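First the structure, in the form of structure tokens, and then the observations on it.
The values are calculated or read from the model by the stated rules, or taken from the named source; none is laboratory data. The shown structure was predicted, so the numbers you read here are calculated from the model rather than taken from an experiment. As a convention, Cβ positions derive from the backbone with ideal geometry for all residues, glycine included, and neighbour counts pool all protein chains shown.
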Amino acid sequence: MLAAVYKSPKKEDTYLYVLKRDDFSQVPEPLMNSFGQPIFVLMFNLDKRSSLGIADIEKVRADLLAQGYYLQLPPPTESMLNELTTQKGKK
């Protein structure tokens, strides 16, 4: 299964995977509007990979087959306030 990967010019570390290069017909319009004009990053064969950076490869495959796209969002950032509070509680 081939996947084309695009990065968002509007949202840092946000990527959109689709089955065919430049085919965004399955991606909902509101998502495309918030994502911005997709910037092509790469195309690769999912079947030749056992893992993907921070994305769950099985979730990527399942979403591509079920809905025609997969949206990879950046991991949530830690709140510095929460981290400081946690550190103070440990002392």
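If a residue has to be under 14 Å from the mean Cα position of the chain (by Cα) and more than 21 Å from ARG61 (Cα to Cα) to count, how many in region 1-35 make the cut?
Residues meeting the conditions: 5.
Among the residues of region 1-34, write down those that are of a type in the set (Gly, Ala, Ser) and part of a loop (DSSP other than H, G, I, E, B).
Within region 1-34, SER8, SER25 meet the criteria.
Taking region 28-54 only, how many residues are touching a residue at least 40 places away in the same chain (Cβ under 8 Å) and out of contact with any helix residue (DSSP H, G or I) (no Cβ under 8 Å at 6 or more places or on another chain)?
Qualifying residue count for the region: 5.
For residues that are among the charged types (D, E, K, R) and more than 16 Å from the chain's Cα centre (by Cα), scanning just region 36-56, find the one that is nearest to PRO75 (Cα to Cα).
ARG49
Can you name the number of the only condition in (1) modelled with pLDDT of 95 or more; (2) loosely packed, with under 10 Cβ neighbours inside 10 Å that THR77 fails?
(1)
Any residue at all in region 35-42 that is assigned to a helix (DSSP H, G or I), out of contact with any Cys (no Cβ under 8 Å at 6 or more places or on another chain), modelled with pLDDT of 95 or more and not basic (Lys, Arg)? If you could, list the steps in order and put the result at the bottom.
The initial filter retains those residues of region 35-42 that are assigned to a helix (DSSP H, G or I), namely 35.
The next check asks that each one be out of contact with any Cys (no Cβ under 8 Å at 6 or more places or on another chain); those that pass are 35.
Filter once more, keeping what is modelled with pLDDT of 95 or more: 35.
Adding the requirement that they be not basic (Lys, Arg) leaves 35.
Yes: region 35-42 contains one or more residues that are assigned to a helix (DSSP H, G or I), out of contact with any Cys (no Cβ under 8 Å at 6 or more places or on another chain), modelled with pLDDT of 95 or more and not basic (Lys, Arg).
Here are some conditions: (1) under 20 Å from PRO75 (Cα atoms); (2) at pLDDT 95 or above. VAL27 meets all but one. Which one does it not meet?
(1)
Are any residues in region 43-67 surrounded by 12 or more Cβ atoms within 10 Å (Cβ to Cβ), part of a helix (DSSP H, G or I) and small (Gly, Ala, Ser), and if so, which ones?
ALA62, the sole residue that qualifies.
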